[in-house]
Structure formats: structure tokens, C-alpha cells
1. Quick one: how many residues across region 1-38 are surrounded by fewer than 14 Cβ atoms within 10 Å (Cβ to Cβ) and charged (D, E, K, R)?
2. Condition first: under 30 Å from K11 (Cα atoms), within 25 Å of the chain's Cα centre (by Cα) and β-branched (V, I, T). Can you find one or more residues in region 49-64 that meet it?
3. Looking at this structure, is R55 basic (K, R) and not in a loop (DSSP other than H, G, I, E, B)?
4. Take the residues in region 61-80 that are of a type in the set (A, V, I, L, M, F, W, C) and not in a helix (DSSP H, G or I); name whichever of them is modelled with the highest pLDDT.
5. Filter region 41-75 down to the residues that are of a type in the set (D, E, K, R) and loosely packed, with under 14 Cβ neighbours inside 10 Å and list them by number.
6. Here's a check for you: in region 30-52, which residue that is outside any helix (DSSP H, G or I) and not small (G, A, S) is farthest from V107 (Cα to Cα)?
7. What do you reckon, is D68 closer than 30 Å to T115 by Cβ and touching a residue at least 12 places away in the same chain (Cβ under 8 Å)?
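The values are calculated or read from the model by the stated rules, or taken from the named source; none is laboratory data. Just so we're clear, the structure is a prediction, and the values are computed from it rather than from any experiment. Cβ: placed from backbone, ideal geometry, glycine included. Neighbour counts: every protein chain shown.
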Amino acid sequence: MPAALSLDLRKRIVAAWQNEEGSWEQLAQRFGVGVATVDRLVARFRKTGSVEPTRQKYGADPILSDEDVGVVRRLLEAQPDITLPELVADFQEKRRIAVSVSTMGRVVRDRLGWTRKKRPSSRRSATASR
């Protein structure tokens, strides 16, 4: 995929179109872009008044709102050793929103920054590791 056009080039293309300096085909040839690019830039300018590129959005929207994440945080602070399935059940009881264990795991890890221990704490070995 080619790189996005610079903001300066975008502005020059739209300015040339506004000054009626040629057809879209002529503008495309003059600036070394495709006719469809000129079409998209003019359409964006007409719709938004700007030629700045839109920010790319990846993935689906989050299932849980910031308010819901706050509820999860309070549940974790009240009982830090809770398991994810227990957390899902408590959250569903409190908010009436059904989520999967994997979704709850992503919320805990990615949005709250909490990590889970994979094994219980134990006393350190008497022999030093080399």
C-alpha cells in the first residue's frame, strides 16, 4: 500500500480545483496522482472542509464502556485474588451485561494493566540459582 499523500500536496490539489485550473484528469496528471484520488480529495473537502487524512481505526469498538471498566476495577480492588470466571459472574450480576472470560481477560490486562499470577506464591529456594 502506498504512503499517504502529504498534507501540502492535498492542499495544492484542492486549491487547483477551487481555482478551476483544469479538469480532474488534468489535475491528476499535473500532480502525479490518480483521477480517483482527486475525486476523493474533493469529496472529502466538500464534506468536511478539510483535506487531512482520517485516523485509521482498527478492530471493533470496545464492548465495555469506561464506566463498566471502573466497575471491574472496583471488583478487582475489593477481591484481588478473584478468578476471571468469578469476575465475569460478579460483573454480570452487578451490571447485567454478559461478557466472555476472554473479553474480561483483555479488559483486566489491556485496559486496567493488571496482570495475573500463573502460579501461587511459594517460599524461595534455599539454594541460589546460578
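1. Of the residues in region 1-38, 4 are surrounded by fewer than 14 Cβ atoms within 10 Å (Cβ to Cβ) and charged (D, E, K, R).
2. yes
3. No; evaluated as a whole, the condition is false for this residue.
4. Looking at the filtered set, the residue picked out is L64.
5. R46, K47, E52, R55, K57, D61, D66, E67, R74
6. Result: V33.
7. Yes; evaluated as a whole, the condition is true for this residue.
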